[in-house]
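J.: Pasting a structure below so you can have a look.
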Amino acid sequence: MKLFKTINLICAMGAASLLSFSVAAQGNPEAKIKTEMQKQLGERAKVDAVRTTPVAGLYEVTIGTDIVYTDASARYLIQGEVVDLKTGTNLTEQRSNDLNRIRWADLPLNDAIKVVRGKGTRQVAVFADPNCGFCKRLEKGFQQLDNVTIYTFMVPMLSADSLIKSQQIWCSSDKIKAWNDWMINNQAPTGKGDCGNPLERNTALARKLGITGTPAMFFTDGTRLNGAVPMAQIEKKLK
């Protein structure tokens, strides 16, 4: 997690030592752990919540949209994923999805490029930068999908040229064609980019949703996927 690359803390997990720690206090240990963890982190990060986990002596710590773990003494900060080997459930991923869940109805879909394939019954929203290589790979993969409506929110995050291309695409007489020409066929947009556009709103929305890289996808159940993931995984989510 990028948030903790600069935090000089112990990040190694010792299962045996975790199990040996006693509960921080009777009554409300989570509150005491939260206070102690915040004291340890100082101004480097804000601890939003502390919860117990199914693992004895291990506590979940949420900082913004990030999930880390600690012991009952709040001395150790542990980064990584907790997986239930019996069920195969990735508990960290599951909690991250819950924390990052959005309300689909809150998305300003008019600020996106809308592409309908087939009946368009299934829906996905994508935040993409026109100069993002992974976004181009994802867009090519989208050509395999049917019965889907894709809403693309352009967010020029990578460079000044990303902003220029986004403006030109949005201001084109045929936004869909201009987008596909560039993302799939590598034909740069040539039109003027001086029309009104939602790019600032899209960027603010991406920031609000905790999007730090593209592509980022959201589904109607509010969950997200990041990166150019395999189409099979996207199909699974759409179902």
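The values are calculated or read from the model by the stated rules, or taken from the named source; none is laboratory data. For clarity, every value in this text was computed on a predicted model and none was experimentally measured. Here Cβ is always computed from backbone atoms with ideal geometry, including for glycine, and neighbour counts include all displayed protein chains.
J.: Residues in region 132-147: is at least one closer than 25 Å to GLY193 by Cα and assigned to a loop (DSSP other than H, G, I, E, B)?
T.: Scanning region 132-147, I find at least one residue that is closer than 25 Å to GLY193 by Cα and assigned to a loop (DSSP other than H, G, I, E, B), so the answer is yes.
J.: Scan region 71-105 for residues that are part of a strand (DSSP E or B) and either surrounded by fewer than 17 Cβ atoms within 10 Å (Cβ to Cβ) or among the aromatic types (Phe, Trp, Tyr) (or both) and jot them down. Walk me through it before giving the result.
T.: Within region 71-105, the first condition is being part of a strand (DSSP E or B), and the residues that meet it are 77-78, 83-84, 89-90.
Correct list: VAL83, ASP84, THR89, ASN90.
J.: Still on this structure: Modelled with pLDDT under 90, surrounded by fewer than 18 Cβ atoms within 10 Å (Cβ to Cβ) and assigned to a loop (DSSP other than H, G, I, E, B): is that true of VAL55 in this structure? Walk me through it before giving the result.
T.: Numbers: modelled with pLDDT under 90: no; surrounded by fewer than 18 Cβ atoms within 10 Å (Cβ to Cβ): yes; assigned to a loop (DSSP other than H, G, I, E, B): yes.
No: the conditions fail for VAL55.
J.: Does region 171-189 contain at least one residue that is closer than 22 Å to ASP106 by Cβ, buried (at least 21 other Cβ atoms within 10 Å of the Cβ) and out of contact with any His (no Cβ under 8 Å at 6 or more places or on another chain)? Step through it out loud before you land on a result.
T.: First pass over region 171-189, keeping only residues closer than 22 Å to ASP106 by Cβ: none.
No: region 171-189 contains no residue that is closer than 22 Å to ASP106 by Cβ, buried (at least 21 other Cβ atoms within 10 Å of the Cβ) and out of contact with any His (no Cβ under 8 Å at 6 or more places or on another chain).
J.: Only one of ILE78, ILE67, ILE113 is of a type in the set (A, V, I, L, M, F, W, C), assigned by TED's automatic domain parsing to the domain that holds ILE150, under 30 Å from PHE218 (Cα atoms) and modelled with pLDDT of 85 or more; which?
T.: Values: ILE78 fails: assigned by TED's automatic domain parsing to the domain that holds ILE150; ILE67 fails: assigned by TED's automatic domain parsing to the domain that holds ILE150.
Result: ILE113 is the single residue among ILE78, ILE67, ILE113 that is of a type in the set (A, V, I, L, M, F, W, C), assigned by TED's automatic domain parsing to the domain that holds ILE150, under 30 Å from PHE218 (Cα atoms) and modelled with pLDDT of 85 or more.
J.: Is it true that some residue in region 174-188 is at pLDDT below 95, part of a helix (DSSP H, G or I) and aliphatic (A, V, I, L, M)?
T.: no
J.: To continue, here is another question. Filtering region 31-86 down to residues that are over 30 Å from ILE211 (Cβ atoms) and of a type in the set (S, T, N, Q), which residue is farthest from the chain's Cα centre (by Cα)?
T.: Among them, the one singled out is SER73.
J.: Just name the residue that is modelled with the lowest pLDDT out of those in region 189-239 that are part of a loop (DSSP other than H, G, I, E, B) and farther than 22 Å from PRO156 by Cα.
T.: Of region 189-239, the ones part of a loop (DSSP other than H, G, I, E, B) are 189-198, 209-215, 220-223, 227-230, 239.
Checking which are farther than 22 Å from PRO156 by Cα leaves us with 220-223, 230, 239.
On the way: THR220: 95, ASP221: 92, GLY222: 92, THR223: 89, PRO230: 90, LYS239: 84.
The selected residue is LYS239.
J.: Between PHE153, PHE134, PHE127, which is assigned by TED's automatic domain parsing to the domain that holds MET231, under 24 Å from LEU99 (Cβ atoms), free of Cβ contacts under 8 Å to residues at least 60 places away in the same chain and among the aromatic types (Phe, Trp, Tyr)? Even if it seems obvious, please write down each step before you answer.
T.: Working: PHE134 fails: free of Cβ contacts under 8 Å to residues at least 60 places away in the same chain; PHE127 fails: free of Cβ contacts under 8 Å to residues at least 60 places away in the same chain.
Every option except PHE153 fails the conditions.
J.: Kindly indicate whether ALA160 is touching a Cys at 6+ places or on another chain (Cβ under 7 Å) and not charged (D, E, K, R). Don't jump to the end; show me each part of the working.
T.: Values: touching a Cys at 6+ places or on another chain (Cβ under 7 Å): no; not charged (D, E, K, R): yes.
So ALA160 does not fit the description; no.
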